[in-house]
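Just so it is clear, none of the values below were taken in a lab; they were calculated from the coordinates. Remember, it's a predicted structure, so these values are computed and weren't measured experimentally. All Cβ positions, even for glycine, are placed from backbone atoms using ideal geometry, and neighbour counts span all protein chains on display.
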Amino acid sequence: MINVKVRVFATFRDIVGIKETDFQLPSSVTVRLLVQTLSDKYSHGKLEQEVFDKSGKVQKYVKILVNGRDIDFLDGPSTQLNDGDIVAMFPPVGGG
Amino acid sequence: MEISVLRVDLAEKSSKVEKIGDQVLRRYLGGRGLGAKILYDELKPKVDPLKPENKLIFMTGPLVGTYIPTAGRFHVITKSPLTGGLGEANCGGDWGPEIRFAGYEGIILEGRSSEPVYLWIHDGAVEFKSAGKLWGNGVWQTEDRIREELGAKDAKIASIGPAGENLVLIAGIVNKKHRVAARTGVGAVMGSKNLKAIAVKGAKKMPVADDAKLHETVKKVQQVIKENPYTGKSYPTLGTMALFNMMNEPGILPTRNFQSGYFPKADAVSGETLRDKYVKGQTSCWGCPIQCGRVTEVKTGPYKIDGQGPEYESVWALSADCDVDNLEAVIKASNLCDDMGIDTISYGNTVACAMELFEKGKIPKSDLGNIDLRWGSAETVVNLVEMTARRKGFGNHIADGCMRLAKKYGAPELAMQVKGLELPAYEPRGVQGQALAFATSNRGACHLRAYMAATEIMGFGLGMPMKLDRFETKGKAIMTKMAQEALAVIDSLNICKFAVFAIGFPEMSAMLNGVTGWNLGPLDMMKAGERIYNLERMFINREGFTGKDDTLPKRFIETPMPDGPSKGHTVKLSEMLPDYYRQCGWEDGKPNQAKVKQLEI
């Protein structure tokens with residue numbers, strides 16, 4: 001088993017109703033499975049629909065970071081998580 | 001096509017209208033481009049920016065004041081007293097369109113009035129009114145008092161606060177009480193001319209060459225803005241502060257004067273916290289459907305304030321950069337900066353520089369009076385605003401920006417600046433392209449000259465989805481160059497850069513042609529952007545800037561990021577800069593003859 005911290009931001013926070021949480025998960029877990037687990041537990045599956053499109057790809061402009069690294073530059077939703085990882089999830093956010 | 005520009009001689013208290021023809025307009029578009037052209041042609045090299053010889057130019061653009069969404073901005077162009085190079089700042093609010101309603105594309109201010117005045121431009125008249133009783137007032141009171149004095153409730157006013165009056169080198173020009181042409185010290189130039197404010201009222205209808213075609217384009221643009229996840233949801237929901245955690249999580253939120261890129265206390269001052277505790281409404285600039293502005297209130301306590309904002313850059317400068325986690329103090333300080341007419345980025349960055357100088361034992365306590373320069377002092381961040389604007393006590397040192405402050409205390413390497421302009425809210429070591437953009441920006445360190453962080457963090461560039469690896473250097477040179485030129489076009493049209501999260505050059509081209517009757521395609525517009533960027537570069541070259549100024553504080557190049565998600569990284573500027581110069585056609589930071597000829601400058 002591994003321990004993973006998840007941080008949720010902006011309107012995703014409104015969907016799941018939490019800022020962050022710690023999960024204990026099987027050692028082979030991927031980002032996709034983590035999002036599904038979070039979504040089922042805190043949003044009755046709604047978060048998953050906001051994060052992934054129907055083909056299972058991450059929605060345009062949604063950002064998932066593992067230890068500050070965008071998963072687009074790792075293995076996407078198939079990125080394997082390790083003990084102590086921090087996952088941050090953002091809907092499209094602009095600023096500047 | 002021909003436009004009218006108002007030229008004002010403040011010494012003689014006279015004005016005249018001049019025409020600018022189609023040939024110049026097609027090449028420089030308007031706004032920033034046209035202002036740069038006028039400044040380059042008219043300003044003698046090496047003039048003292050705070051002497052009467054400097055010129056202060058306000059320029060709108062061909063789309064401003066029409067029914068095109070977000071076309072409500074103006075650009076200020078001058079020689080900067082902060083950097084000694086190009087002084088320029090873009091601004092929203094409601095003042096820009098009113099200049100066009102009064103019949104002018106822009107205003108060129110020359111000379112210096114012998115006593116404080118403000119201008120009242122209305123019904124074809126230009127009046128010089130005494131500002132003796134307004135001198136010393138904050139911007140908010142100035143706006144109210146001028147409207148009352150003129151009996152013109154709906155006059156639009158751009159003014160300086162005490163900071164501009166006192167030649168504070170980080171002073172801006174404010175309109176609609178909270179919208180600031182902030183950067184490069186343009187407010188000090190206005191103060192040096194003894195000009196407190198420009199009040200305007202007009203009623204002219206904006207000329208549109210092809211109304212039916214433009215209506216059709218605008219309808220589509222409005223729809224795209226509404227449906228786009230940034231302009232239709234993120235900005236309206238959380239404003240620019242949505243970005244705070246987005247920049248902190250990858251470790252590029254500069255903390256303690258850029259000693260780190262991760263602020264552990266971010267959540268206390270984040271956009272989510274601002275929304276949950278202090279936001280009571282939304283607001284926008286003239287003609288903007290995006291509504292990114294926040295109306296905020298701190299109801300009780302020492303930082304009680306009923307105001308607006310603060311924006312992402314302001315919150316960063318006043319919180320993470322100074323290690324402050326008190327959001328009420330940040331809201332207060334940001335609003336005070338608006339009222340005093342101060343650039344929040346340069347102010348917060350300079351206070352953070354002072355805190356690091358103090359930490360390293362460079363500032364003797366005897367210089368501080370009752371100011372506490374320890375990291376995290378919320379009181380200091382609030383109290384120094386007015387002291388800076390009025391050049392009182394230690395505020396007199398903050399007033400001249402971080403480069404002069406750090407030099408005075410013998411540690412110039414602690415000034416986080418490029419070409420004299422304070423860095424904004426992106427840690428260069430975690431975003432290589434943004435680092436190159438800071439180093440090569442004509443006006444000094446600025447995210448608004450090429451917003452590479454959008455491409456490296458947010459997944460967006462040049463009006464389309466685009467994501468580049470933030471730690472890679474490959475491909476950053478050409479992308480930075482194109483972004484610099486694209487944003488020069490946007491500032492010349494004077495639409496909002498946030499709209500460009502939803503629309504691209506095809507839409508901009510259609511809107512420009514609909515208004516002007518021209519037939520400029522996206523490539524013609526990009527060439528105009530390149531021309532403008534190169535002309536600006538030629539201006540700073542003439543003032544003495546060369547390739548050696550296209551650099552960054554050595555901290556970013558020599559010291560690996562000590563902690564956080566960007567740990568271990570430095571900026572690899574030497575891997576990008578030669579490629580950038582090659583792409584630009586520059587040698588030693590200067591456009592070569594072939595490039596100047598090609599662009600017909």
Sequence-distant aspartates and glutamates (8 or more away, or on other chains) whose Cα lies within less than 15 Å of B:LYS474: B:GLU456, B:GLU575, B:ASP579
Please turn the phi angles of the range B:505-522 into ³J(HN,Hα) values with the Karplus equation 6.51 cos²θ - 1.76 cosθ + 1.60 (θ = phi - 60°), one per residue in order, whole Hz, x for glycine and proline. 5, x, 5, 5, 4, 4, 5, 4, 5, x, 6, 9, x, 6, 9, 8, x, x
Determine, for B:SER377, A:SER28, the number of other Cβ atoms within 10 Å of each Cβ, and report the residues in order from fewest to most. A:SER28, B:SER377
Averaged over residues of B:234-242, the number of beta carbons from other chains lying within 10 Å of each residue's Cβ is 5
Partner aspartates and glutamates whose C-alpha sits under 12 Å from that of B:LYS299, ignoring same-chain residues fewer than 8 away, are B:GLU328
Can you list the residues, at least 5 places off or on another chain, whose amide H is less than 5 Å from the amide H of A:PHE52, using H built in the peptide plane? A:GLN59
Ordered by packing density, taken as the mean number of other Cβ atoms within 10 Å over each peptide's residues, highest first, how do B:15-25, B:173-183 rank? B:173-183, B:15-25
Taking only the alpha-carbon atoms of the range A:2-90, what semi-axes of the equivalent ellipsoid follow from 5 times the gyration tensor eigenvalues under a square root, in whole Å, largest first? 17, 15, 12
Taking θ as phi - 60°, what are the ³J(HN,Hα) couplings along the range B:239-256 by the Karplus curve (6.51, -1.76, 1.60), each to the nearest whole Hz, with x for Gly and Pro? x, 5, 6, 4, 7, 4, 5, 4, 8, 6, 4, x, x, 10, 8, x, 10, 6
Can you give the FRET efficiency for A:ASP53 and B:HIS215, using 1/(1 + (r/R0)^6), R0 = 41 Å, r = Cβ-Cβ distance, to the nearest 0.05? 0.75
How many percent of DSSP beta bridges within the protein assembly as shown run antiparallel, rounded to 5? 80
Value in Å of the Kirkwood radius, where the range B:24-96 supplies the Cα pairs that are averaged: 12.9
Can you compute the equivalent ellipsoid semi-axes for the range B:265-396, i.e. the square root of 5 times each eigenvalue of the Cα gyration tensor, sorted largest first and rounded to whole Å? 27, 15, 13
Can you give the mean number of other chain Cβ atoms that lie within 10 Å of the Cβ atoms in peptide B:564-571? 2
Report, in debye and to the nearest 20, how large the dipole of the protein assembly as shown comes out about its Cα centre when Lys and Arg carry +1 and Asp and Glu carry -1 on their Cβ. 780
Antiparallel DSSP bridges in the range B:2-201: what percent, to the nearest 5? 75
Collect residues whose amide H, placed 1.01 Å from N in the peptide plane, falls under 5 Å from the amide H of B:LYS79; neighbours closer than 5 in sequence don't count. B:LYS55, B:GLY87
Could you state the number of Å between the C-alpha centres of the range B:298-346 and the range B:248-289? 11
Quick one: grab the alpha carbon gyration tensor of the range B:56-122, order the square roots of its eigenvalues as a ≥ b ≥ c, and give me rounded if a/c is under 1.5, else prolate or oblate depending on whether a/b is larger than b/c. oblate
Just need the Rg to Rh number for chain B, please, alpha carbons only, Kirkwood Rh. 0.94
Rh (Kirkwood, all Cα-Cα pairs) for the range B:495-536, Å, reads 11.0
Using a Förster distance of 25 Å, the FRET efficiency for A:LYS19-B:GLU227 (Cβ separation, nearest 0.05): 0.30
With the charge dipole of the protein assembly as shown built from beta-carbon charges (+1 for Lys and Arg, -1 for Asp and Glu) about the Cα centre, the Cα from B:MET241, A:ASN3, B:PHE505 projecting farthest to the positive end belongs to B:PHE505
Whole-number D in µm²/s for the range B:286-358 (Stokes-Einstein; Kirkwood sum over Cα pairs; 25 °C, 0.890 mPa s): 191
Mean shadow of the protein assembly as shown, computed from the convex hull of its alpha carbons, in nm²? 28.5
Whole number please: convex hull volume per residue of the Cα set in the range B:2-201, in Å³? 103
Explain nothing, just the number: relative contact order of the range B:236-422, from Cα pairs under 8 Å at least 6 residues apart, as a whole percent. 18
Ranked B:ARG470, A:ARG7, criterion: other C-beta atoms within 10 Å, fewest first: A:ARG7, B:ARG470
Ranked list, fewest to most other Cβ atoms within 10 Å of each Cβ, for B:HIS75, B:HIS122: B:HIS122, B:HIS75
In whole Hz, with x marking every Gly and Pro, tabulate ³J(HN,Hα) for the range B:73-80 from phi via Karplus 6.51 cos²θ - 1.76 cosθ + 1.60, θ = phi - 60°. 10, 8, 10, 10, 10, 6, 8, 7
Nearest 5 is fine: what % of DSSP beta bridges in chain B come out antiparallel, could you say? 85
Estimated 222 nm signal from helices in chain B, with DSSP H stretches of n ≥ 4 weighted -39500 (n - 2.57), rounded to 500: -11000 deg cm²/dmol
How many angstrom lie between the C-alpha centres of the range B:406-432 and the range A:20-53? 41
Using modelled backbone amide H atoms (1.01 Å from N, in-plane), which distant-in-sequence or interchain residues come within less than 5 Å of B:VAL418's amide H? B:LEU423, B:ALA445
Where a Cα-Cα gap under 16 Å defines reach, which lysines qualify for B:LYS304, not counting those fewer than 8 residues away within the same chain? B:LYS277, B:LYS280, B:LYS332
Rounded to whole Å, give me the distance from the Cα center of the range B:118-167 to that of the range B:504-544. 33
